[in-house]
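A quick write-up on the structure given underneath.
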Amino acid sequence: MTTTLSLRVNQEAITRDVEPETLLVTFLRETLRLTGTHVGCDTAQCGACTVHLNGRAVKSCNVLAVQVAGAEITTIEGLTQPDGTMHPMQAAFRQCHGLQCGFCTPGMVMSSIDLVQHHPHGSDREIREHLEGNFCRCTGYQNIVKAVAAGAVAMGV
Ligand code: FES
Ligand code: FES
């Protein structure tokens with residue numbers, strides 16, 4: 001039995017029928033085809049599925065779609081301007097080589113923006129601590145930390 005879910009995703013009003021057990025990440029990827037949000041573990045450990053829920057980073061594999069009725073969700077796709085201009089944090093990850101395979105990157109970027117918006121001027125240690133819920137198998141994290149610091153400056157917060 002389905003239920004009708006209404007919410008906003010990337011500033012667009014959305015209404016869809018969903019099964020009550022559908023995870024938010026599944027709704028985003030399979031129903032809305034927003035596949036920039038990745039699934040790395042499905043057990044709330046890796047952070048690849050991180051999106052913003054009413055402006056705060058959450059792991060969307062750990063939330064039911066029906067729990068976010070009426071909410072504002074932002075995914076990695078929602079960060080880019082209509083003309084293709086990247087969000088300053090995305091640009092900083094590219095500039096600082098804060099990615100290799102890119103699998104973790106959408107989640108890293110969403111978590112990093114949350115950090116900068118709510119804890120500006122964080123030290124390298126604070127950046128590392130904030131991102132401890134986001135796993136990267138490739139980079140060794142050094143350039144990710146540099147990217148977050150550069151992104152914070154570019155965001156001007
Ligand atoms: S897929 Fe959600 S934390 Fe890994
Ligand atoms: S860049 Fe490959 S997992 Fe992070």
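The values are calculated or read from the model by the stated rules, or taken from the named source; none is laboratory data. The shown structure was predicted, so the numbers you read here are calculated from the model rather than taken from an experiment. Here Cβ is always computed from backbone atoms with ideal geometry, including for glycine, and neighbour counts include all displayed protein chains. We work out accessible area using only protein heavy atoms, side chains counted, and drop any ligands, DNA or RNA first. Shrake-Rupley method; radii C 1.70, N 1.55, O 1.52, S 1.80 Å.
Values for this structure:
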read-out: Hey, Thr85 more than 15 Å from ligand 1 (Cβ to nearest atom) and either open to solvent by 50 Å² or more (accessible area, probe 1.4 Å) or within 15 Å of Leu23 (Cα to Cα) (or both) or not; value: yes
read-out: Per-region count, the stretch 16-43, residues touching a helix residue (DSSP H, G or I) at 6+ places or on another chain (Cβ under 7 Å) and in a loop (DSSP other than H, G, I, E, B); value: 9
read-out: Any hit, the stretch 14-21, residues being surrounded by 13 or more Cβ atoms within 10 Å (Cβ to Cβ), of a type outside the set (Lys, Arg) and free of Cβ contacts under 8 Å to residues at least 24 places away in the same chain; value: yes
read-out: Unmet criterion (only one of (1) open to solvent by 20 Å² or more (accessible area, probe 1.4 Å); (2) in a loop (DSSP other than H, G, I, E, B); (3) at pLDDT 95 or above; (4) away from ligand 1 (no atom under 16 Å from the Cβ)) for Gly98; value: (1)
read-out: Count of residues meeting criterion [surrounded by fewer than 21 Cβ atoms within 10 Å (Cβ to Cβ) and either in contact with a strand residue (DSSP E or B) (Cβ under 9 Å, 6 or more places away or on another chain) or assigned to a loop (DSSP other than H, G, I, E, B) (or both)] in the stretch 44-57; value: 5
read-out: Given (1) at pLDDT 95 or above; (2) of a type outside the set (Gly, Ala, Ser); (3) not in a helix (DSSP H, G or I), index of the condition Pro82 fails; value: (1)
read-out: Number of positions in the stretch 111-121 that are open to solvent by 30 Å² or more (accessible area, probe 1.4 Å), touching a residue at least 24 places away in the same chain (Cβ under 8 Å) and either of a type in the set (Ser, Thr, Tyr) or assigned to a loop (DSSP other than H, G, I, E, B) (or both); value: 2
read-out: Cross-chain or 6+ apart pairs with Cβ under 6 Å, the stretch 50-69 first and on the phi > 0 side of the Ramachandran plot, then at pLDDT 95 or above; value: Asn54/Ala71; Asn54/Glu72
read-out: Count of residues meeting criterion [free of Cβ contacts under 8 Å to residues at least 60 places away in the same chain and surrounded by fewer than 19 Cβ atoms within 10 Å (Cβ to Cβ)] in the stretch 123-138; value: 9
